[in-house]
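Written below as structure tokens is the structure these notes are about.
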Amino acid sequence: MNNQDECWQTQKSGSCWQITFAPMEEYPEQLVCFLEEYFNVVSCDYQDDGSEQYIAYQNASFDENDFKAAARRQNISLPEYQIGFLESQNWLKDYVIEFPPVEVEDFYIYGIHEKETPQTDKLALKIYAATAFGSSHQTTQSCLRAISRLNKQNVPHHNILDVGTGSGILSLAAAKLWPDSKITAVDIDEEAVWVTRQNALDNNLQNQFNVEVSNGYNSELVKNNAPYDLIFSNILARPLIEMAPDLYNSLKKGGYCILSGFVDDQVDWVLGEHQKQGLRLVKLFELDNWRAAVMEK
């Protein structure tokens, strides 16, 4: 274990403080960067109305006055927040990475805190999701359903791109379903890239993966591996729309994409922009107020 790992082991042991920030339609990038730099772990929860809510975790050394002073030094305007203290011997395990197993179509998703591999006839995936997008979120479940349905249609699947990979769960599901596929997974967040790499390793799928930091489609890795048979993008409405031309240009003729991260009243907005590029809606998945779309080029 290197010094960085030892430091992280120390930080995650014992109890912790949980700082829950008020939901906002979209958190300013400067605020998000500040929170991610200041706290041990920051997670983003997406509300049913499409708004974002950030939750931060810090070991027992958290000092609220220091937090406020650090924000003032960077001219950061903090949203309202609530502070709670979580009793634990290992706060990261007990309060961040644990989630109940999720069964969706062909897949059984379980957390790394489970001591034994579950007995199931589904494709089992072990996920560490600490700071990445929730593995049991409605959009994730809809995307997994879409992947299963595409598999039943025997669509081309050899070259896959996952934009905004988060925990890598969609890429991992595809890799498990299609062992002959090669997957490019990217995220703007370095932590998500680390989590995806670790999840691929934990599931013995690392040989199928190329993972790196990228702002959407802008990295050389994404460009060099194009065009793709399948593209997954489970993010939010606004970035989906902004990247619609890049998605179209990166997708093979006859290829499919799975888009998610938008709510019911954003459907026409998101789908309309992709239809302008020349994509055709194949199926819309609905779960609570969240939507996921399968489209074909």
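The values are calculated or read from the model by the stated rules, or taken from the named source; none is laboratory data. Just so it is clear, the model here is predicted, and its values are computed rather than measured. Please note: Cβ atoms are built from the backbone with ideal geometry, for glycine as well, and neighbour counts cover all protein chains shown. Only protein heavy atoms, including side chains, enter the accessible area calculation; ligands, DNA and RNA are left aside. Shrake-Rupley method; radii C 1.70, N 1.55, O 1.52, S 1.80 Å.
Could you point to the residue in Val213, Leu287, Leu247 farthest towards the positive end of the range 207-290's charge dipole, with +1 and -1 charges on the Cβ of Lys/Arg and Asp/Glu respectively?
Leu247
About the Cα centre, and with charges only on the beta carbon of Lys, Arg (+1) and Asp, Glu (-1), how big is the dipole of the range 141-195? Nearest 20 debye, please.
Working: 5 positive and 6 negative charges, 103 e Å.
So the dipole magnitude of the range 141-195 works out to roughly 500 debye.
With an 8 Å Cα cut-off and a minimum separation of 6 or more residues, compute the relative contact order for the range 151-297 in percent. Mind showing how you got there, number by number?
Working: 287 pairs, mean separation 29.8, N = 147.
Dividing the mean separation by the residue count of the range 151-297 yields 20 percent.
Sorted by mean Cβ packing within 10 Å, highest first, what order do the peptides 272-278, 62-68 take? Don't skip to the answer; put the middle values down first.
Details: 272-278: 14.9, 62-68: 13.1.
Taking the mean over residues of other Cβ atoms within 10 Å, the ranking is 272-278, 62-68.
Just name one of His158, Ile258, Ala192: the one whose Cα is farthest towards the positive end of the charge dipole of the range 158-297 (beta-carbon charges, Lys/Arg +1, Asp/Glu -1).
About the Cα centre, the residue reaching furthest to the positive side is His158.
So how much accessible area does Met295 have, in Å² to the nearest 10, using a 1.4 Å probe?
My reading of the accessible area for Met295 is about 0 Å².
Can you pick out the pairs among Lys126/Lys182; Lys176/Lys223; Lys68/Lys126; Lys126/Lys253; Lys176/Lys276; Lys182/Lys297 whose Cα atoms lie more than 31 Å from each other? Please report the intermediate quantities before stating the final value.
On the way: Lys126/Lys182 20 Å; Lys176/Lys223 24 Å; Lys68/Lys126 38 Å; Lys126/Lys253 33 Å; Lys176/Lys276 33 Å; Lys182/Lys297 20 Å.
Listed pairs above 31 Å: Lys68/Lys126; Lys126/Lys253; Lys176/Lys276.
Apply the Karplus curve 6.51 cos²θ - 1.76 cosθ + 1.60, θ = phi - 60°, to the phi angles in the range 285-290 and return the couplings in whole Hz, x for Gly and Pro.
Residue by residue, the range 285-290 yields 9, 10, 8, 6, 8, 9 Hz.
Antiparallel DSSP bridges in the range 208-293: what percent, to the nearest 5?
Values: 8 of 14 bridges.
In the range 208-293, approximately 55 percent of DSSP beta bridges are antiparallel ones.
According to a simple spin-label model (label point 7 Å from Cα along Cα-to-Cβ), what is the distance in nm between Gln277 and Val213?
Output for this residue pair reads 2.5 nm.
Using the crude model of +1 on Lys and Arg Cβ and -1 on Asp and Glu Cβ, and no other charge, please compute the dipole size for the range 174-297 relative to its Cα centre, in debye to 20.
On the way: 12 positive and 18 negative charges, 122 e Å.
I would put it at about 580 debye.
Given a Förster distance of 25 Å, report the FRET efficiency between Gln153 and Asn249 from their Cβ-Cβ distance, rounded to the nearest 0.05. Spell out each step's value before the answer.
Values: r = 24 Å, r/R0 = 0.95.
For R0 = 25 Å, the calculated efficiency reads 0.55.
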